[in-house]
Amino acid sequence: MGRVAVITAPNIGYRNTGMLTVDLAFESLRRRMDTGFDATWYTLHTPETVPLRDGVRGTEFPFRFHPLAEHLDTLRDHDAVVFWGDFLHTRHYLAQDATNRLLDFGFAADRDDARAQLNRALLFADQPDEVLARTVSYGGTILHNTQSDYEDKEYGPLFSRLVTRSHRMWVRDPLSAAKIAHLRRDRTTDHFGSDAALLSRPGDLGHLPATEWSRSVPDGGAIGVFLGARTPIPDWLPGFCQGLSDRLGAPLEWLPWFDREVPPAVSHIAARPGNPTVGDLVGVLPRYRLVVTDTYHLAVNSWGAGTPAVCVGAPEPTPKTHDDYLTLSDVKKHVFHMAYDATDFYLTTEEGYGQDLDRLVQLLEGGGAETVAVRIRDHADHSASSFIRTLTSLLDPPRPDPGP
């Protein structure tokens, strides 16, 4: 049986529900494949680096992570290496989030040490070409990369080598796909994959433990709301949510996608009693009439479940300081909706007028939202098939014809 190394972004304590759905999607895909293989999971620092969040304690996930830096030599023993999701190869992630976390948890002596570790772990600085030749990447993004990043004498050559010598790359947005085409000088290959979380089809995560919390929601009977985690809540938004509720005849309900208190601006939105599991949080999505959120992966998972998502973000371009984490930029939310002709469902914090409410209700009641959801699902299924074919070819390469 083949062996696959899967490298994902760190999700300490499994605090980020969306990142957990990305990892679970790889297992969803593996269960659908005809070719069996063993997967070994790696990340920069394991979830157990901090105490696990309440909603995942005791859950038997289909993976167990190993610290990547300590096992880099083992990658050569695998038939394929898969980078799975997120900003793993962008310069800003290496310089900001990843470096800071290594320092925070005492895994690096200083910033230079952290960057050297990251160059080896995520850019494969010390890996031979033969490992890159059987490396694929799915669901990542280089949305914020610019020419000045490639001019960096440390990052530029390593990133270029990884991109050009990897076996295949699919990125989760069309702008990143265009950049990959430029860098690989390959204008014919389709580099636009879906967000990795979308490779779980509806029902694929039904194996996760769930409680009455999710089962008690009537199908189509509520609007799930999760706001204030990524974008400040504008003054007009609570009233806009209530307008959607009134027009659709569906009550508003707080959806605790992350462990956090309900923000004061939307404190009137009731939170159902109970302690939902991760299985509850993903299992409830197809039961909602609509989801309203400022959080990228909640919107992605909602659309993937067939439930429309109204996503709120700051208008672009957003002024950035040196310390702003580009991984948290609202641009990724807007680009996701633009890629699928879904910008009717993306509102900036400066919007929220009556015509937006009218347009959304018309799309929700007239079938337009369903068309968008089908478009997103069709693309995810198409790129999943492409990924499966490629991974299968690495695990079970064609044998040469022995001849007569």
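Given a Förster radius of 45 Å and the C-beta distance between Arg187 and Trp236 as r, what FRET efficiency does 1/(1 + (r/R0)^6) yield to the nearest 0.05?
On the way: r = 44 Å, r/R0 = 0.98.
Once rounded, the FRET efficiency stands at 0.55.
Starting from the Cα-Cα distance between Asp246 and Glu48, subtract it from 0.36 nm times their residue separation and give me the gain in nm to one decimal. Each step should come with its number before you reach the end.
Working: separation 198, 0.36 × 198 = 71.28 nm, distance 4.34 nm.
Between Asp246 and Glu48, full extension yields an extra 66.9 nm.
Can you tell me, using C-alpha contacts under 8 Å and at least 6 residues apart, the relative contact order of segment 40-163 as a whole percent? Could you put the intermediate results ahead of the total?
Details: 121 pairs, mean separation 35.4, N = 124.
Reported relative contact order: 29 percent.
Spelling out what I want: for every residue of segment 107-112, take phi, set θ = phi - 60°, compute 6.51 cos²θ - 1.76 cosθ + 1.60 (Karplus), and round to whole Hz; glycine and proline get x.
With coefficients 6.51, -1.76 and 1.60, one gets 8, 9, 6, 7, 5, 5 Hz.
Which of Asp152, Asp23, Asp195 ends up with the largest GNM mean-square fluctuation for the chain, with Cα atoms connected below 10 Å?
Judging by the Gaussian network model, the answer is Asp152.
Report ³J(HN,Hα) in whole Hz for each residue of segment 233-238, in order, from the Karplus equation J = 6.51 cos²θ - 1.76 cosθ + 1.60 where θ = phi - 60°; Gly and Pro get x.
Result, ordered by residue: 7, x, 4, 7, 5, x Hz.
So what is the relative contact order of the chain, in percent, for Cα pairs below 8 Å that sit 6 or more residues apart? Provide the component values of the computation, followed by the final result.
On the way: 669 pairs, mean separation 66.1, N = 404.
Worked out over the chain, it gives 16 percent.
I want to check the label-to-label distance for Arg260 and Glu60. Put each point 7 Å from Cα in the C-beta direction and report it in nm to one decimal.
3.4
What does the charge count around Trp236 come to, taking other residues whose C-beta lies under 11 Å from its C-beta (Lys +1, Arg +1, Asp -1, Glu -1)? Write down the numbers at each step before the final one.
Details: positive: none; negative: Asp235, Glu350, Glu351, Asp356.
Cβ neighbours under 11 Å give a net charge of -4.
Could you work out how far apart the two model spin labels at Glu130 and Leu103 are, taking each label as a point 7 Å from the Cα in the direction of the beta carbon, and quote it in nm?
Result for the modelled spin labels: 3.9 nm.
Evaluate the distance, in nm, between pseudo-label points positioned 7 Å from the Cα of Glu70 and of Glu365 along their respective Cα→Cβ axes.
5.9
Whose amide H sits under 5 Å from the amide H of Val292, counting only residues 5 or more places off or on another chain, with H placed in the peptide plane?
Long-range HN contacts for Val292: Gly224, Val225, Phe226, Val310.
What do you get for trypsin sites (Lys or Arg not before Pro) in segment 1-58 restricted to DSSP loop and a cutoff of at most 11 other Cβ within 10 Å of the site's Cβ?
Values: sites: Arg3, Arg15, Arg30, Arg31, Arg32, Arg53, Arg57; in loops: Arg15, Arg53, Arg57.
Answer by residue number: Arg57.
Report, to the nearest whole %, how much of the accessible area of the chain belongs to carbon and sulfur atoms, 1.4 Å probe, protein only.
It is 50 percent, rounded to a whole number.
Test of understanding: in a Gaussian network model of the chain with alpha carbons linked when under 10 Å, which of His92, His382, His191 would top the mean-square fluctuation ranking?
Largest GNM mean-square fluctuation: His382.
Between Ala250, Ala109, Ala384, where does the largest GNM mean-square fluctuation fall for the chain, given springs only between Cα atoms within less than 10 Å?
With Cα springs under 10 Å in the chain, the top fluctuation among Ala250, Ala109, Ala384 is at Ala109.
Using only the Cα atoms of segment 1-76, build the gyration tensor, take square roots of its eigenvalues as a ≥ b ≥ c, and label the shape rounded, prolate or oblate: rounded if a/c is under 1.5, else prolate if a/b is larger than b/c, else oblate. Let's see the in-between values first.
Numbers: a/c = 2.34, a/b = 1.27, b/c = 1.84.
Taking the square roots of the gyration eigenvalues as a ≥ b ≥ c, segment 1-76 is oblate.
Provide Leu199, Leu52 ordered by accessible surface of protein heavy atoms (probe 1.4 Å), highest first. All intermediate terms of the calculation are to be shown ahead of the outcome.
Details: Leu199 0, Leu52 45 Å².
I get Leu52, Leu199, largest accessible area first.
The values are calculated or read from the model by the stated rules, or taken from the named source; none is laboratory data. All figures in this text were calculated on a predicted structure; none of them were measured in a lab. Note: ideal-geometry Cβ built from the backbone for every residue, glycine included; neighbour counts use all protein chains shown. For the accessible areas, the whole protein counts, side chains as well, though only heavy atoms, and no ligand, DNA or RNA atoms are used. Shrake-Rupley method; radii C 1.70, N 1.55, O 1.52, S 1.80 Å.
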